[in-house]
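K.L.:
Can you read through this structure? Questions will come right after.
Read-outs: derived from the displayed coordinates by stated rules, not from any lab. Since this is a predicted model, take the numbers as computed values, not measurements. Cβ sites come from the backbone with ideal geometry, for glycine too, and all protein chains shown count toward neighbours.
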Amino acid sequence: MNNTLFLDALHCRNHGRPPVWIMRQAGRYMPEYRALRKKFSFKEMIRRPEIAAEVTMMPIEQFGMDAAIIFSDILTIPDALGCPFDFHEGVGPVFEKPLTPSDVAGLSVVNSLDFVGEAIRLVKPLLAVPLLGFCGAPFTVASYMAGGIKQVKKWIFQDPESFHKLLDLITSVSIEYLKMQTEAGVDAFQIFESWANALALPQLREFSFPYIHRIIEAADIPVILFGKGTAGFIPDLVDLRPQAISFDWSCDLAGVRQQVPETIALQGNLDPHVLYGSADVIRSECQKLLEKMRRDRGFIFNLGHGILPDMSPDAVKVLVETVKPLIAPYSRR
Ligand code: CP3
């Protein structure tokens with residue numbers, strides 16, 4: 001590995017410019033991805049290691065991000081548990097039969113996820129930057145399995161006991177998955193709690209944080225925790241002891257730093273919609289964030305959530321090129 005900026009920042013000892021990568025950086029906004037996607041379904045693409053490896057490389061080769069993320073999905077776990085689903089254009093994932101409390105006792109691992117390990121082994125030697133593995137946080141994964149937020153919130157108030165059993169199972173399988181990805185060669189691991197904003201703090205403390213904590217505790221590599229809408233719960237996030245916390249755009253990262261010890265890195269948090277702006281707008285919005293986090297040794301530049309399919313690759317180029325020419329201590333050029 002030639003470029004260690006990302007790992008240096010993750011360990012809060014980066015003295016240079018901040019590293020940059022983008023959530024969902026390998027995907028539909030890239031014409032090369034869409035061309036490949038014409039030939040294969042999304043599920044085929046993630047199940048075929050040589051294709052997953054190729055797609056993982058696409059944004060790195062084209063834009064030069066400082067970290068790669070393995071091309072896969074958080075819904076590989078329900079797949080392993082034998083819950084069939086499909087992706088519907090414009091709707092998202094739809095489960096054939098949303099899970100109900102009476103289904104939980106019958107769940108077990110029926111499908112292997114070895115294809116993810118194989119993709120990691122294929123892509124790792126091609127990369128000069130670190131590689132991230134990932135999984136969904138148990139509550140977010142369970143939300144998809146239950147058929148959506150409304151159903152899952154009904155479940156937690158009607159039958160919390162069976163919901164805890166489901167979360168416990170997803171957590172155990174996710175820990176095995178993390179270990180498998182670690183053995184295959186990922187350098188760090190991100191947990192996506194994309195639906196954290198659907199829960200109030202007492203529910204997060206009951207149904208989200210303890211399970212995330214178990215995964216973090218089981219990890220031998222640095223873990224980044226991404227949660228949507230979690231800036232109001234910073235002390236709880238710090239208590240989970242992740243190596244980094246990734247925030248959405250609803251908070252001021254410099255203000256967040258006041259509440260997060262300097263041993264924990266901060267990732268984020270540019271509003272992805274900035275990428276709809278002109279090149280000048282993108283540059284100036286990036287500069288504002290860079291100025292704010294200047295001299296922070298644990299800052300990783302990213303979006304506050306994933307890039308959207310109708311965003312332009314040229315916008316991504318402008319973003320990456322605004323961060324990369326900086327030198328330490330970075331400032332306006
Ligand atoms: O970041 C990367 O480039 C790595 C790959 C990655 C994908 N999904 C590829 C993908 C990662 C890290 C994810 C995570 C993921 N998947 C999350 C957490 C992040 C977030 O955005 O909150 C969630 C909630 C999912 C579940 C999921 N997968 C949804 C809701 C969808 C459909 C969204 C839509 O816009 O249609 C997916 C499909 C998906 N995952 C695609 C990609 C490239 C699109 C597949 C296609 O080509 O049709």
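K.L.:
Taking Cα centroids, how far is the stretch 267-297 from the stretch 140-162 in Å?
P.N.:
Each part reduced to its Cα centre gives a spacing of 36 Å.
K.L.:
Using only alpha carbon pairs under 8 Å that are at least six residues apart, calculate the relative contact order of the stretch 190-319 and give it in whole percent.
P.N.:
22
K.L.:
Among 105, 119, 128, which one moves the most in a GNM of the chain with springs linking Cα atoms closer than 10 Å?
P.N.:
Top of the fluctuation ranking is 105.
K.L.:
So what's the net charge close to residue 12: Lys and Arg +1, Asp and Glu -1, counting the other residues with Cβ under 14 Å from its Cβ?
P.N.:
Neighbourhood net charge equals +2.
K.L.:
In addition: So what's the stretch 223-314 giving for Cα Rg divided by 2.2 N^0.38 Å, two decimals?
P.N.:
Taking N as the residue count of the stretch 223-314, the ratio is 1.09.
K.L.:
Give me the mean projected area, in nm² to one decimal, of the convex hull enclosing the Cα positions of the chain.
P.N.:
Mean projected area of the Cα convex hull: 15.4 nm².
K.L.:
Still on this model: Holding the Cα-Cα limit at 32 Å, pick out from 124/153; 124/228; 38/153 the pairs that are longer than that.
P.N.:
Violating the 32 Å limit, Cα to Cα: 124/153; 38/153.
K.L.:
I want to verify a result. In a Gaussian network model of the chain, Cα cutoff 10 Å, which of these has the top mean-square fluctuation: 82, 304, 136?
P.N.:
82
K.L.:
Right, something else. What does DSSP give for the chain in terms of the percent of beta bridges that are antiparallel, rounded to the nearest 5?
P.N.:
Counting DSSP beta bridges with both partners in the chain, the antiparallel share is about 15 percent.
K.L.:
Pick from 302, 111, 269: which residue has the top mean-square fluctuation in a GNM of the chain where Cα pairs under 10 Å get a spring?
P.N.:
Most flexible of the set in this elastic network: 111.
K.L.:
Return the loop-located GluC sites (Glu not before Pro) in the stretch 240-333 (DSSP other than H, G, I, E, B) with at most 14 other Cβ atoms within 10 Å of their own Cβ; answer none if there are none.
P.N.:
262
K.L.:
Follow-up question, since we're still on this one. Excluding residues on the same chain fewer than 8 positions from residue 150, give the aspartates and glutamates whose Cα lies under 16 Å from its Cα.
P.N.:
159
K.L.:
By a straight-distance test (C-alpha under 16 Å), which aspartates and glutamates pair with residue 97 as possible cross-link partners, with residues fewer than eight away in the same chain excluded?
P.N.:
Cross-link targets: 79, 86.
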